[in-house]
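Have a look at the structure below before the remarks.
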Amino acid sequence: MNIDSLSWKILHCLQENARQSNAAIGRQVGISSPAVSERIKKMEDAGIINSYKTAVSPFETGYQLKAIITLRAFMGKLRPFLEKVKTYDEVLNCYRITGNENIVMEVVLKNQKHLETFIDQLISYGETKTQIVLSHVVSNNPIKPIK
């Protein structure tokens, strides 16, 4: 599907606040609510829009740590890990990457002891490196048109 400038404007509105009404989006981009609805449906059908989510603050819900953990999988352990990682409640995001490490994960943890226990689960799959997140500098930036 070719995304025209009007659809990009709609995407921008949704990325800023997916709960706003189609009428509100229409007012921002200069088209009717039904036209917004039709464009959104086409983008959903094309897989451009693949979900709507609520951003939740882990710190306000009781988690004290956010960490980035990389894993360099042991020989023969990558495929089993790729299945196992889907079961960990701590993992917010997990990416398979190039370079010396195979995996990078963004995780939330209750405290330092929880971090230690979580790393103990990972070390049977490979060598880990952990960085504690101090703050977000850029978070969930909207996707913009390719220039």
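Among the residues of segment 129-142, is there at least one that is hydroxyl-bearing (S, T, Y), without any contact (Cβ under 8 Å) to a residue 24 or more places away in the chain and either touching a His at 6+ places or on another chain (Cβ under 7 Å) or in a strand (DSSP E or B) (or both)? Explain how you work it out, then say what you get.
Just the residues of segment 129-142 that are hydroxyl-bearing (S, T, Y), to begin with: 130, 135, 139.
Restricting the remaining residues to those that are without any contact (Cβ under 8 Å) to a residue 24 or more places away in the chain gives 135, 139.
So of that shortlist, the ones also either touching a His at 6+ places or on another chain (Cβ under 7 Å) or in a strand (DSSP E or B) (or both) come out as none.
So far as segment 129-142 goes, no, none of its residues is hydroxyl-bearing (S, T, Y), without any contact (Cβ under 8 Å) to a residue 24 or more places away in the chain and either touching a His at 6+ places or on another chain (Cβ under 7 Å) or in a strand (DSSP E or B) (or both).
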Among what's in segment 57-81 and is out of contact with any strand residue (DSSP E or B) (no Cβ under 6 Å at 6 or more places or on another chain) and open to solvent by 100 Å² or more (accessible area, probe 1.4 Å), pick the residue that is nearest to H114 (Cα to Cα).
-> Q64
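Being assigned to a helix (DSSP H, G or I), over 22 Å from V56 (Cβ atoms) and either touching a helix residue (DSSP H, G or I) at 6+ places or on another chain (Cβ under 8 Å) or aliphatic (A, V, I, L, M) (or both): is that true of I146 here? Please lay out each step first, then the result.
Working: assigned to a helix (DSSP H, G or I): no; over 22 Å from V56 (Cβ atoms): yes; either touching a helix residue (DSSP H, G or I) at 6+ places or on another chain (Cβ under 8 Å) or aliphatic (A, V, I, L, M) (or both): yes.
The answer is no for I146.
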Test each condition in (1) within 30 Å of S124 (Cβ to Cβ); (2) buried (at least 16 other Cβ atoms within 10 Å of the Cβ) for I10 and report the one that comes out false.
-> (1)
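The values are calculated or read from the model by the stated rules, or taken from the named source; none is laboratory data. Quick caveat: nothing in here was measured; it's all calculated off a predicted structure. Neighbour counts are summed over all protein chains in view; Cβ atoms, including those assigned to glycine, are modelled from backbone coordinates with ideal geometry. The protein model used for the area step is the full one, side chains on, heavy atoms only, and it has no ligands, DNA or RNA in it. Shrake-Rupley method; radii C 1.70, N 1.55, O 1.52, S 1.80 Å.
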